[in-house]
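Shown next, in structure tokens, is the structure this report addresses.
The values are calculated or read from the model by the stated rules, or taken from the named source; none is laboratory data. Everything numeric in this text was worked out from a predicted model, so none of it was measured. FYI the Cβ positions are ideal-geometry reconstructions off the backbone, even for glycines, and counts take in every protein chain you see. Just the protein is used for accessible areas: all its heavy atoms, side chains included, with ligands, DNA and RNA removed. Shrake-Rupley method; radii C 1.70, N 1.55, O 1.52, S 1.80 Å.
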Amino acid sequence: MGGLARRLVTDKLLDESQVAAAISLAARDNIPFVAQLVSSNQISERSIAVVAAQEFGIPVLDLDAFDPKFFPTELVDNKLLKKHNVLPLYQHSNKLYIAVADPANSTALDEIKFHTGMPVEPVVVEQDKLSRIIGKLLTSSKYALEPATRVGASLAQTIDLGADLESALHNPSEEAPIVGFVNNLLQDAIRKVASDIHIEPYEKAYRIRFRVDGILQEVNRPPISMANRIASRLKIMSQMDISERRIPQDGRIKLKLSSTRAIDFRGNTLPTLWGEKIVLRLLDPASTRLGIDELGYEDCQKQLYLGALRLNQGLILVTGPTGSGKTVSLYTGLNILNTAERNISAAEDPVEINLEGINQLAVNNKIGLNFAAALRAFLRQDPDVVMVGEIRDLETAEIAIRAAQTGHLVLSTLHTTSASETITRLQNMGIPAFNLATSLSLIIAQRLIRRLCNLCKESVEIPEKVLREEGFTSKLLSGAQLYQAVGCKHCSDGYKGRIGIYEVVPITDSLSRIIMAGGNSIQIADQSQAEGFHNLRHSALCKVARSLTSLEEANRLT
């Protein structure tokens, strides 16, 4: 036992057994001795810093006295800052002063000296302040436009974009920083499990936002001078026409994460007053391979969906607004149906995720290949199951219903807010009530509700009277444990991830009679409730009662 460890025992700040245990745990977990001391909470960070400074004869400084924007972080690679938990404080003449929590970490100082070519001098600081500032700097500089030497071959290894990255990487000053910026952006969106990236130009600002768990949050503001170059880079990657800025365009990007996993980005440009706004939607094929048990269906709802999928014919509709998880629900059903005994055809606009075993077709309205034309072609291909990305017009609805009536199982989506309104919407399109009543098998209305973070959620007591006013039944209140969002470094405002809430309504005989009698959406909703097919509000309250989400989140969505 020597150095700092011995000094702690000599100064009677810790006893020998405590220090020996910390040394053993640090070696086992492969972390610095100082980091282990801090995590044990046996001694304060300030005391460790003072003792370390005395032992090694170097100054101790308070990081709160420094302005982080003046740190010469450009001299040291971000990877080294993170790897060794060190921070360049200032440069004087040709010497670089480095903030460290453990002066005995000579490996870190030697590596920084080698990479910078400068003599380095350590300065002792408190571990918690050092880690906090490094974390902030790494986050804020995540999209820093790196010099060409920083954008290494690793990009070419991890990204398969169909573009010539090497020519950009070797461009001396212009394109390499943009390549690094854009690829960091895409990778960070994946890391944060964002569903969309919004890149928006304004008169005096250029803003980038991620949609995480359904909520938009700003992540960066690049220089406005970079707007056109970033847009051009994304358009090249998406195989769009970079010379055309007057009309909207669509494209796709594929980002390879490993030899077995890739993420697709569906891109769209929109010409605005101050330039092209670009939105990228992240499409992860892994999300469509989720089992039905992971989607959030209540057990009775799951059985209704599985029962409809076992039918040889009929129309299954999944409804909800954009971004409500309709595609995942449809693909989950298709995966269940995807066997060697079935011929499955799917028409989408665009094809979001490739599924082996399913004949997927991308509609193209420019050449007349719309959903209706695709459906007609499918019916000449001896299909067992047909999936239509969306019913948008009367012609598509008529062909889908005709297919459902003639021995085919048809799955599709519709943009409505509830199961009862779905029927009204189809009637308003011009579908006769009799055809609806005899072809519809199941309607699923859904939303995605944010999950509470399991690491920081805290229980909350709400009076029973208030809960009953919110819609809780005696069955839901029985054994219910309610929690509220708090927020921590592992989540976003107290929430992490999302789960579905559903209204699953099979078309029973009584509902069929109401439809054929011309009943409105209120009558249909009342009847489905009377038969025990609960609405979205009830599904959300079930998630609240099971501690999966908060009452505030349920009220936001329903």
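Within the range 511-528, can you find the residues that are over 36 Å from the mean Cα position of the chain (by Cα) and open to solvent by less than 10 Å² (accessible area, probe 1.4 Å)? Hits for the range 511-528 are LEU511, ILE515, GLY519. In the set (1) in contact with an Asp or Glu (Cβ under 9 Å, 6 or more places away or on another chain); (2) among the hydrophobic types (A, V, I, L, M, F, W, C); (3) crowded, with 18+ Cβ neighbours inside 10 Å, the condition left unmet by ALA362 is number (3). A residue that is buried (at least 21 other Cβ atoms within 10 Å of the Cβ) and either in a helix (DSSP H, G or I) or of a type outside the set (Gly, Ala, Ser) (or both) can be found somewhere in the range 191-199. Condition check: of a type in the set (Ser, Thr, Tyr) and assigned to a strand (DSSP E or B). Does SER420 satisfy that? Here the answer is no, as SER420 does not meet what is asked.
For the range 230-243, the condition holds for at least one residue, the condition being that it is open to solvent by less than 70 Å² (accessible area, probe 1.4 Å) and basic (Lys, Arg). Entry remark, the range 1-49: residues being within 40 Å of the chain's Cα centre (by Cα), of a type outside the set (Gly, Ala, Ser), more than 18 Å from PRO122 (Cβ to Cβ) and not in a helix (DSSP H, G or I) number 5 in total. Annotation for the range 254-272: at least one member residue is in a strand (DSSP E or B), modelled with pLDDT under 90 and open to solvent by less than 10 Å² (accessible area, probe 1.4 Å).
Could you go through the range 494-517 and let me know if any residue there is at pLDDT below 90 and more than 28 Å from TYR305 (Cβ to Cβ). Looking for residues that are at pLDDT below 90 and more than 28 Å from TYR305 (Cβ to Cβ), one finds none in the range 494-517, hence no. May I ask you to list the residues in the range 441-451 that are of a type in the set (A, V, I, L, M, F, W, C) and open to solvent by 10 Å² or more (accessible area, probe 1.4 Å)? Across the range 441-451, the qualifying residue is only LEU448. Answer yes or no as to whether PHE371 is touching a strand residue (DSSP E or B) at 6+ places or on another chain (Cβ under 6 Å), open to solvent by less than 20 Å² (accessible area, probe 1.4 Å) and more than 29 Å from GLU395 (Cβ to Cβ). No.
Within the range 374-392, the residues that satisfy the criterion of being farther than 18 Å from LEU436 by Cβ and surrounded by fewer than 21 Cβ atoms within 10 Å (Cβ to Cβ) are ARG376, ALA377, LEU379, ARG380, GLN381, ASP382, ASP384. Considering the range 130-145, and only residues there that are in a helix (DSSP H, G or I) and basic (Lys, Arg), the residue that is modelled with the lowest pLDDT turns out to be LYS136. Only a single item in (1) touching an Asp or Glu at 6+ places or on another chain (Cβ under 6 Å); (2) at positive phi is not met by GLN239, and it is number (1). Note on the range 203-230: residues that are touching a residue at least 12 places away in the same chain (Cβ under 8 Å), under 29 Å from SER324 (Cβ atoms) and not polar (S, T, N, Q) amount to 11. Hey, any hits in the range 287-305 for a residue that's open to solvent by 50 Å² or more (accessible area, probe 1.4 Å) and β-branched (Val, Ile, Thr)? Scanning the range 287-305 turns up no residue that is open to solvent by 50 Å² or more (accessible area, probe 1.4 Å) and β-branched (Val, Ile, Thr). For the range 306-315, residues that are farther than 12 Å from GLY407 by Cβ and either surrounded by fewer than 23 Cβ atoms within 10 Å (Cβ to Cβ) or of a type in the set (S, T, N, Q) (or both) total 5.
Could you please find all residues in the range 292-331 being of a type in the set (A, V, I, L, M, F, W, C), out of contact with any Lys or Arg (no Cβ under 8 Å at 6 or more places or on another chain) and assigned to a helix (DSSP H, G or I)?
The answer is CYS300, LEU304, LEU306, ALA308, LEU309, VAL328, LEU330.
Taking first residues from the range 398-420 that are in contact (Cβ under 8 Å) with a residue 12 or more places away in the chain and among the acidic types (Asp, Glu) and partners that are crowded, with 24+ Cβ neighbours inside 10 Å and not in a loop (DSSP other than H, G, I, E, B), no Cβ contact under 9 Å between residues at least 6 apart in sequence or on separate chains turns up.
Restricting attention to the range 393-428, the residues that are buried (at least 16 other Cβ atoms within 10 Å of the Cβ) and either in contact with a helix residue (DSSP H, G or I) (Cβ under 7 Å, 6 or more places away or on another chain) or hydroxyl-bearing (Ser, Thr, Tyr) (or both) add up to 24.
Among the listed residues LEU96, LEU87, which satisfies the condition of being modelled with pLDDT of 80 or more, under 33 Å from the mean Cα position of the chain (by Cα) and among the aliphatic types (A, V, I, L, M)?
On the way: LEU96 fails: under 33 Å from the mean Cα position of the chain (by Cα).
Result of the check over LEU96, LEU87: LEU87.
Residues LYS457, LYS465, LYS489, LYS475: which one is open to solvent by 80 Å² or more (accessible area, probe 1.4 Å), charged (D, E, K, R), more than 30 Å from LEU311 (Cα to Cα) and under 31 Å from the mean Cα position of the chain (by Cα)?
On the way: LYS457 fails: open to solvent by 80 Å² or more (accessible area, probe 1.4 Å); LYS465 fails: under 31 Å from the mean Cα position of the chain (by Cα); LYS475 fails: under 31 Å from the mean Cα position of the chain (by Cα).
Going through LYS457, LYS465, LYS489, LYS475 in turn, the sole match is LYS489.
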